[in-house]
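Asker: Pasting in a structure now, in structure tokens, and then I'll have a few things to ask.
The values are calculated or read from the model by the stated rules, or taken from the named source; none is laboratory data. Keep in mind the model is a prediction, meaning the values are calculated, not measured. Note that we place each Cβ from the backbone using ideal geometry, even for glycine, and neighbour counts take in every protein chain shown. The accessibility values were calculated without ligands, DNA or RNA, using every heavy atom of the protein model including side chains. Shrake-Rupley method; radii C 1.70, N 1.55, O 1.52, S 1.80 Å.
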Amino acid sequence: MFNFYFKRSLSFVSLLTLLTTNLLATFYEAEDEGTRPINSIQHIDQLPEELHLYIFSFLNQEDTSPTAQTSQKWKRLMDDNQLWKAYARRAQIISKEDPFPEKNYKALVREHCIFSFTDLGTLNGGTWSVPRGISYDGSVIVGQAADGAEQNQRRAFRWTAEKGMESLGTLNGGGESLVLGISANGSVIVGYADDGKAQYLDRTFRWTAEKGMESLGTLNGGSESWAWAISADGSVIVGNAKSGVEQNQRRAFRWTAEKGMESLGNLNRGVSSIARGISYDGSVIVGYATDGAAQDRQKAFRWTAEKGIESLSILNGGSESWAWGISADGLVIVGDTKENNLDDQSWSRTSPRAFRWTAEKGIESLGILNNGEGSWALGVSADGVVIIGQACDGSRGNHMRASYWTAKKGMESVERVLADKGLLPSQWILTKVNAITPSGTVLIGEGTYTDTSNRTLTCAWRAVIPRANLF
């Protein structure tokens, strides 16, 4: 058995070892100038432990188990917490900058490799809940819910496994509040709320545990503003606002602490623009805008400081498009478009189609679910490979179902994937996936739930659908 695991692990570990020749030589020079180079080593096991860990950090997920079973020493090294932290970073389970105290990273990675389904419940016994955003590691979820302690008024919430659903309160004693974005580590949350100091008009807010809910004001003295997304470090916030210098027309905005709220402009002098997604570093923003060059029809856009707002166009001669999500590096954009459908049996000659956009291939349709009538893409993993949203399920009478897309399998029903694993309670119907972690493994969404009193409630859920190879 040893020979089996050693030969399998040695095949890729040896290759990586050769790549460390210069590094090892440098190491020995520092220790003893007379030490012979790597070719004098008779066995790979003689490498210093720090070099073992460096080599192991390049392993793929499928290779970690045989490597750990090769020897007792390698088993011990493969349990190193910092090694699994490196794997978690490679898998996009934690962000590049993880400010929290050390945690069990092996357990964290493992949690992303096991199918699961979790009912997130409601807020203080309220009647509904909808999740909107999720932290990088999937441990913090935000959204809005009816607060049973506040006569079912809508309140922004923050959920963790330890504390469940907690209200974030209101803005300056105002009325309802909604959350739509969260930073990578879950410490900064954004949304909008009725501002008690502004005649209950909607105002963008930024929430932290230290300061609570703070208004970010408006755009050029306009009347209202709405935040939709936030960069990984929480420093850049995007959304839309009524511009005070443009007769309160809606304009996509980008907010930073240094410059405040800045307009992203419009598309070919169109009437309005709305920002809905942002890349990891805040440099690329996506959304949709009315195109002044196309009779003010809605067009998905991509914004950068260098080029401003650029249209992503439409699919197969359709009429309009909307961008909802973007990969961490800003290279993959997802949304939906009205595709010109020549099939007169379709419910519409311009049926919505989920799309994936890249600069190389442009806008591409992701298809439909079991010959259903329409599909919508709402979010994407960091590497642009896993795409989530909702679709009309042709096998369910074209009723809306939460969808999950990969290039290998196409569009799948999340409900069916979980049911096949025996994880979905019979009283649940999953209608929509609202967000996904950068790793592409943890999904949050909404669905209908029939309780013991036979009431049908809209409730939030969380699911893990593992990938074949996380790293």
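Asker: Can you tell me which of (1) assigned to a helix (DSSP H, G or I); (2) crowded, with 24+ Cβ neighbours inside 10 Å is the one S395 doesn't meet?
Answerer: Only one criterion is unmet by S395, namely (2).
Asker: Show the residue pairs that are 6+ apart or on different chains and have beta-carbon atoms under 6 Å apart, the first residue being within segment 447-464 and on the phi < 0 side of the Ramachandran plot, the second being exposed (fewer than 14 other Cβ atoms within 10 Å of the Cβ) and of a type in the set (V, I, T).
Answerer: So the pair list comes out as T448/T456; T450/T456.
Asker: Would you please name the residue that is least open to solvent (accessible area, probe 1.4 Å), looking only at residues in segment 305-364 that are at pLDDT below 90 and basic (K, R)?
Answerer: Ranking the candidates gives K338 first.
Asker: Across segment 398-432, which residue is nearest to P131 (Cα to Cα) among those that are among the charged types (D, E, K, R) and open to solvent by 30 Å² or more (accessible area, probe 1.4 Å)?
Answerer: Going through the qualifying residues, I end up with K432.
Asker: Mind counting the residues in segment 28-66 that are part of a helix (DSSP H, G or I), over 39 Å from the mean Cα position of the chain (by Cα), modelled with pLDDT of 50 or more and of a type in the set (A, V, I, L, M, F, W, C)?
Answerer: Number of matching residues: 2.
Asker: Tally time: how many residues in segment 52-82 are open to solvent by 10 Å² or more (accessible area, probe 1.4 Å), hydrophobic (A, V, I, L, M, F, W, C) and farther than 20 Å from R467 by Cα?
Answerer: Of the residues in segment 52-82, 2 are open to solvent by 10 Å² or more (accessible area, probe 1.4 Å), hydrophobic (A, V, I, L, M, F, W, C) and farther than 20 Å from R467 by Cα.
Asker: Another one. Among the residues of segment 414-446 satisfying the criterion of being in contact (Cβ under 8 Å) with a residue 24 or more places away in the chain and small (G, A, S), which is farthest from H399 (Cα to Cα)?
Answerer: Taking the candidates together, the pick is S439.
Asker: What number of residues in segment 90-116 are under 19 Å from S381 (Cβ atoms) and either of a type in the set (A, V, I, L, M, F, W, C) or at pLDDT below 90 (or both)?
Answerer: 11
Asker: Now a separate question. I'm trying to understand the selection: among the residues of segment 263-275, which are without any contact (Cβ under 8 Å) to a residue 40 or more places away in the chain and on the phi < 0 side of the Ramachandran plot?
Answerer: Residues satisfying the conditions are G270, V271, S272, S273.
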